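Contents: one structure, followed by commentary.
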């Protein structure tokens, strides 16, 4: 009885610490996340199913390169050229997923994520106090996990996961009257190798190094009435279409997480990820069947 009470106290301490950690990281402007990874090892037996909820909120700096533009007057092309490279700062994506996994065999599992997402960034493209906020958009991802070594309470393994998202919305600023719409498409991939170790029957710790890759493109379409400044002649509607390729600024990172079992075959994960240009907090609620 005394041992059971002691275990319950330990679990309550870890839960309290975890809740406080999550709250502090969410308040920290640099502590946002990529997709949650969970333990970098397979946890499902052959034929076993996992279902749960994932929440992520990503924040990263991205490079915008290979820019091009085309200008049109009333739909008639007039010129094109190269656009300057731009750094997209503090690009934020909030995602909520339903996560379903399946045990493919000993030490191997696959999973699929389906859900919704929205995105936001401020004052990055034109540096004129502009803001972009998308609506809720469909987002999906998936991946595999594998275990290649197991000894007692220690597992070593790896994972690969990817997601794809697309966002569109108005880029607005109080400093211009133009109609400005942006569309962003992204694909992210993460490769991780690491370990998962059991602290006791209810708590395990996991983590390791990982690589994070981002690719995609950004389109910015601006429309405004073009007036000749010398004689105030109305030349019609000027439309400028800009496109850039986007990619990550840094690739290598590391992460650390805690998994807590609070009921039979049910657990809660919380983890922190970090690269030089992105911080990460990930959480998921999981049930196995």
Problem set entry | Helix 2-27 vs. the chain, principal-axis angle (Cα, 0 to 90°, nearest 10) | 10 degrees
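Sorted by packing (mean other beta-carbon atoms within 10 Å per residue), highest first, where do 282-288, 82-88 land? Intermediate results must be reported in sequence, preceding the final value.
Values: 282-288: 18.9, 82-88: 14.3.
The packing order, highest mean first, is 282-288, 82-88.
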Exercise. How large is the helix-only mean residue ellipticity at 222 nm for the chain, computed as the sum of -39500 (n - 2.57) over DSSP H runs with n ≥ 4, divided by its residue count, in deg cm²/dmol to the nearest 500?
Worked result: -3000 deg cm²/dmol
Exercise. Among (i) 20.2, 60; (ii) 25.5, 110; (iii) 23.2, 91, which is the computed Rg and Dmax of the Cα atoms in Å?
Worked result: (iii)
Problem set entry | Inter-part distance where segment 147-199 and segment 77-108 are each reduced to a Cα centre, Å | 7 Å
For this session: Using only the Cα atoms of segment 86-141, build the gyration tensor, take square roots of its eigenvalues as a ≥ b ≥ c, and label the shape rounded, prolate or oblate: rounded if a/c is under 1.5, else prolate if a/b is larger than b/c, else oblate.
Result: prolate
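So, by mean Cβ neighbours within 10 angstrom, what's the order for 58-64, 137-143, 194-200 with the highest one leading? Spell out each step's value before the answer.
Values: 58-64: 22.1, 137-143: 18.7, 194-200: 16.9.
Listed from highest to lowest mean packing, they are 58-64, 137-143, 194-200.
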Exercise. Residue 219 versus residue 49, label points 7 Å from Cα toward the beta carbon: distance in nm?
Worked result: 3.9 nm
Problem set entry | Amide N proximity, segment 190-221 versus residue 264 label position 7 Å along Cα-to-Cβ, cut-off under 20 Å | 201-203
For this session: Using only alpha carbons, build the gyration tensor for segment 234-289 and give me the equivalent ellipsoid semi-axes, biggest first, whole Å.
Result: 44, 18, 8
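So what is the relative contact order of the chain, in percent, for Cα pairs below 8 Å that sit 6 or more residues apart? Provide the component values of the computation, followed by the final result.
Details: 826 pairs, mean separation 61.8, N = 289.
It rounds to 21 percent for the chain.
Provide the packing ranking of 239-247, 149-157, i.e. peptides ordered by the mean count of other C-beta atoms within 10 Å per residue, highest first. Each step should come with its number before you reach the end.
Numbers: 239-247: 18.3, 149-157: 14.1.
So the order, starting with the most tightly packed, is 239-247, 149-157.
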Exercise. Of 134, 185, 80, which has the largest mean-square fluctuation in a 10 Å C-alpha GNM of the chain?
Worked result: 80
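Bear in mind that the values in this text are calculations on the coordinates, not laboratory data. This is a predicted model, so every value here is computed, not measured. Here the Cβ is made from the backbone with ideal geometry for all residues, glycine too, and neighbour counts use every protein chain on show.
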